[in-house]
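What follows is a set of notes on a single structure, which appears directly below.
The values are calculated or read from the model by the stated rules, or taken from the named source; none is laboratory data. A quick note: this is a predicted structure, and the numbers were derived from the prediction, not measured. As a convention, Cβ positions derive from the backbone with ideal geometry for all residues, glycine included, and neighbour counts pool all protein chains shown. Ligands, DNA and RNA are excluded from the accessible area calculation, which covers all protein heavy atoms including side chains. Shrake-Rupley method; radii C 1.70, N 1.55, O 1.52, S 1.80 Å.
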Amino acid sequence: MNTHEHLIIFDTTLRDGEQSPGAAMSRDGKVRIAKALERLRVDVIEAGFPISSIGDFESVQAVAKTIKDSKVCALARALEHDIDRAGEALQGATAPRIHTFIATSNIHMERKLHMNPEQVIEQAVKAVKRARQYTDDIEFSPEDAGRSELDFLCRILEAVINAGARTLNIPDTVGYNIPQQFGQLIQRLKERIPNADQAIFSVHCHNDLGLATANSLAAVLAGARQVECTINGLGERAGNAALEEVVMTVRTRQDLFSCDTRIDTTQIVNCSRLVANITGFPVQPNKAVVGANAFAHESGIHQDGVLKHRETYEIMRAEDVGWHTNRMVLGKLSGRNAFRTRLQELGISFASEEQLNDAFQRFKDLADKKQKIFDDDLQALVTDSRLSLANERLKLSSLQVCSETGEIPKAQITLVLDGTECQGIATGSGPVDAIFRAIETIVELQPSLKLYSVNAITDGSDAQGEVTVRLEKGGRIVNGQGADTDILMASAKAYINACNYLLDPSTRQHPQTGDV
Ligand code: KIV
Ligand code: ZN
């Protein structure tokens, strides 16, 4: 790093990212992602919204206890009990932060909060003061700042700084701004708020118009020194600014930016894959930095240029963001120790010997079918063995599928539902349809199938297929995943995984829809 200022990277994959419909993550999944973010050297990890559900509270607690080298942040509306719950969840964190917010645009204050501007300022100040009982590291967000009046923003931000907020996060909640306008907003706030020098300005941009990264970068050029972002741009609706895009732009264009991050960019691809794997949101091939085609040169002219002199067509090096690190690590003859060691290197540990034994058994089964086991196989295998929810009601026992030319495909499945073995038989338009129908004869959930996708985890025709299934029932959307060298088996696992989420009655409260 040069003598540039520090640009703080605040990752909200575990909070705003989880607000993507169907991206719910288990506590275990969240801890794995948090560890990967720590290795990536993000400054702040927003671990969740503890008041929203017991599960989220416990996830924030688990992340807070595990992470040492990044700050851990919890979100709270500007309400006493939200803040107390956030403070409680963060107990034991090495460096805790509370992030409290209240809406400031006229439309949100009138139509959602039913409060007048004076009441909103009063509540924001009260919230910041309450949060200070738990930590000195307080962040405040005026929700929908991108559509709020400048004068009002200046008043409320001045008041919360006086109350002790030290990070002021300016969200473009609905992704409405354009870069020049958003940069100007940051510049004006910094110029007009009398005590602005006592706080760091942060930005949080949504991607509804595809401008989240551009808006964030315009804000950095205007003096923002924290960017809130997510891995793969995950997040509410069209998502948030993508961490990999923000970080790599600032790093690649040091001629333009007077700041830089402390991110270890070689961890980016691993982190991206892990998030895709755990959430079931695959990365599109042409996605900047982390898409499979991001460094692939198809045209002959480009290939020729790159071979002669790489920088003719490449502005970043693939290895600098962690491509080509997918090593062949283990094989059929690898022992338990080698397996455990490689998982440790990937930041994966097990709560018990039983869990390790179970994963090792799965590894051995996989090694029987597949000669070379790559890091991505291990990640999928661990996700697969940990997909089981704490109170998983449905388990797969066996599957038989018959699909022949000229015949109607038929599936016969044996599941264990609440401890009782049940059999389902069904035909379908294809083998996958038959499997899903056979499962339905047992669970009778009748959800609508919103997405079915298969991805090969690694190269080669013996690769594991990773299936993602998205189901919707009564407005609730869940994602299920399964990995196997047999994609019909992977499909059954994914559907069962999604059913387990639907069978779990726990629901989460959304931070931004409820009245304060
Ligand atoms: O988009 C938004 O406004 C948010 C806030 C809670 C910061 O996510
Ligand atoms: Zn957001």
Just wondering, is there one or more residues in segment 179-192 that are under 26 Å from the mean Cα position of the chain (by Cα) and surrounded by 24 or more Cβ atoms within 10 Å (Cβ to Cβ)? yes
Based on what the data block shows, is residue 429 open to solvent by 40 Å² or more (accessible area, probe 1.4 Å), of a type in the set (Gly, Ala, Ser) and assigned by TED's automatic domain parsing to the domain that holds residue 400? yes
Which condition breaks for residue 381 when tested against (1) modelled with pLDDT of 95 or more; (2) open to solvent by less than 20 Å² (accessible area, probe 1.4 Å)? (1)
Flag if residue 217 is modelled with pLDDT under 95, more than 16 Å from ligand 2 (Cβ to nearest atom) and open to solvent by less than 50 Å² (accessible area, probe 1.4 Å): no
Among the residues of segment 409-423, are any assigned to a helix (DSSP H, G or I) and open to solvent by 20 Å² or more (accessible area, probe 1.4 Å)? no
Pick from segment 39-50 the residues that are assigned to a helix (DSSP H, G or I) and open to solvent by less than 40 Å² (accessible area, probe 1.4 Å): which of them is nearest to ligand 2 (Cβ to nearest atom)? 50
Options 144, 151: the member that is within 14 Å of ligand 1 (Cβ to nearest atom) and more than 26 Å from residue 262 (Cα to Cα): 144
Go through (1) of a type outside the set (Asp, Glu); (2) assigned to a loop (DSSP other than H, G, I, E, B); (3) open to solvent by less than 30 Å² (accessible area, probe 1.4 Å) and name the single condition residue 499 misses. (2)
Looking only at residues in segment 1-35 that are assigned to a loop (DSSP other than H, G, I, E, B) and open to solvent by less than 10 Å² (accessible area, probe 1.4 Å), which one is nearest to ligand 1 (Cβ to nearest atom)? 16
Kindly indicate whether residue 340 is outside the structural domain of residue 270 (by TED's automatic domain parsing), part of a helix (DSSP H, G or I), out of contact with any Ser or Thr (no Cβ under 7 Å at 6 or more places or on another chain) and at pLDDT 80 or above. yes
Considering only segment 454-480, how many residues are open to solvent by 20 Å² or more (accessible area, probe 1.4 Å) and farther than 20 Å from residue 374 by Cβ? 7
Kindly provide the set of residues from segment 193-214 that are β-branched (Val, Ile, Thr) and open to solvent by 10 Å² or more (accessible area, probe 1.4 Å), ordered by number. 200, 213
Check residue 443 against each of (1) out of contact with any Lys or Arg (no Cβ under 8 Å at 6 or more places or on another chain); (2) within 30 Å of residue 347 (Cα to Cα) and name the one condition it does not meet. (2)
Can we say residue 107 is of a type outside the set (Gly, Ala, Ser) and either within 16 Å of residue 79 (Cβ to Cβ) or in contact with a Gly (Cβ under 8 Å, 6 or more places away or on another chain) (or both)? no
Please identify the pairs in which a residue from segment 146-158 that is not assigned by TED's automatic domain parsing to the domain that holds residue 200 has its Cβ atom under 6 Å from the Cβ atom of a residue that is of a type outside the set (S, T, N, Q), counting only partners at least 6 apart or on another chain. none
Checking residue 69 against (1) under 29 Å from the mean Cα position of the chain (by Cα); (2) open to solvent by less than 70 Å² (accessible area, probe 1.4 Å); (3) farther than 24 Å from residue 506 by Cβ, only one condition comes out false. Which one? (2)
Might you check whether a residue that is in contact (Cβ under 8 Å) with a residue 12 or more places away in the chain, within 27 Å of residue 271 (Cβ to Cβ) and more than 16 Å from ligand 2 (Cβ to nearest atom) occurs anywhere in segment 183-195? no
Residues in segment 233-250: is at least one within 16 Å of ligand 2 (Cβ to nearest atom), at positive phi and open to solvent by 10 Å² or more (accessible area, probe 1.4 Å)? yes
Per the list (1) touching a Pro at 6+ places or on another chain (Cβ under 8 Å); (2) surrounded by fewer than 24 Cβ atoms within 10 Å (Cβ to Cβ), residue check on residue 225 breaks on (1)
Pairs needed: first member in segment 7-18, in contact (Cβ under 8 Å) with a residue 12 or more places away in the chain; second member anywhere, more than 10 Å from ligand 1 (Cβ to nearest atom) and among the charged types (D, E, K, R); C-beta distance under 7 Å; at least 6 residues apart or different chains. 7/225; 7/260; 8/43; 8/225; 9/43; 10/43; 14/30
